[in-house]
Amino acid sequence: EAGVTQFPSHSVIEKGQTVTLRCDPISGHDNLYWYRRVMGKEIKFLLHFVKESKQDESGMPNNRFLAERTGGTYSTLKVQPAELEDSGVYFCASSQGQGGIAEAFFGQGTRLTVV
Amino acid sequence: RKEVEQDPGPFNVPEGATVAFNCTYSNSASQSFFWYRQDCRKEPKLLMSVYSSGNEDGRFTAQLNRASQYISLLIRDSKLSDSATYLCVVRDRAGGYNKLIFGAGTRLAVHP
């Protein structure tokens, strides 16, 4: 069975441009999470979808970040316009069941560099 | 104060050594506790859950002290393949749903 997949694996963009990251969770996992690790810091929670609904978006840094999960399947995270401080590794994770208490499986991440 | 604090290391140990990592968390209402392992440029992977009674998985032993809000991981008989970053992770409950709170990780380098 395929794990969590993320695309692209790397992205280098200029400040002010737009980038869209994609995450395909494990099939059947209702819970989908976005996390981010900026250089030298810990992995930080961004938001949590349950199916297509945003359950918790308390970690989203500002309104330049927009996450969607159409139809409760794959999710996209768009950064517009990108700033230098947005550079980092963006991880997606998914888990089964209610309440998000089951083991979360992570994708390999998208390494975003804003120059 | 960080929600989950870890010594960043690195811990440089020879093969066969025993090494211990510690972690503290700030939210006394935290519900579940884990150690994740992350290899260089890879995703975090669950190593083991941590229970109040302590639990062991082969060479790995995890302990939780709720009163002190302290978590530990002991690795015995270190192997070269144990070299990685070990992430202390706490599950907090907010608004009826759960999210994982990560420590910054402790780097372990096992050398021959």
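Readers should treat all values here as calculations from the given coordinates under stated rules, not as data from a laboratory. Computed from a predicted structure; not experimentally measured. So basically every Cβ, Gly included, is an ideal-geometry build from the backbone, and we count neighbours across all protein chains shown.
Points to keep in mind about this one:
- In this simple spin-label approximation, B:ASN22 and B:ASP77 carry label points 7 Å from Cα along the Cα→Cβ vector, and these lie 2.7 nm apart.
- Within a Gaussian network of chain A (alpha carbon springs, distance under 10 Å), most fluctuating of A:ARG36, A:ARG64, A:ARG22: A:ARG64
- Unpaired by the 4.7 Å Cβ criterion, cysteines found in chain B: B:CYS40
- With contacts taken as Cα pairs under 8 Å and at least 6 residues apart, the range B:1-79 reaches a relative contact order of 33 percent.
- Simple spin-label estimate for A:VAL38 and B:SER49 in nanometres, 7 Å along Cα-Cβ: 3.4 nm
- For chain A, the normalised intensity computed at q = 0.23 Å⁻¹ comes to -1.34 (log10 of I(q)/I(0), Debye sum over alpha carbons, equal scatterers, no solvent).
- The range B:4-77: GluC sites (Glu not before Pro) falling in loop per DSSP and having at most 14 other Cβ within 10 Å: B:GLU15
- Cα-based radius of gyration of the protein assembly as shown once divided by 2.2 N^0.38 Å, which approximates compact folds: 1.03
- Formal net charge of residues neighbouring B:SER83 (Cβ-Cβ distance under 9 Å; K, R +1; D, E -1): 0
- Stretchable slack from A:GLU52 to A:ARG22, in nm (0.36 nm times residue separation minus alpha-carbon distance): 9.3 nm
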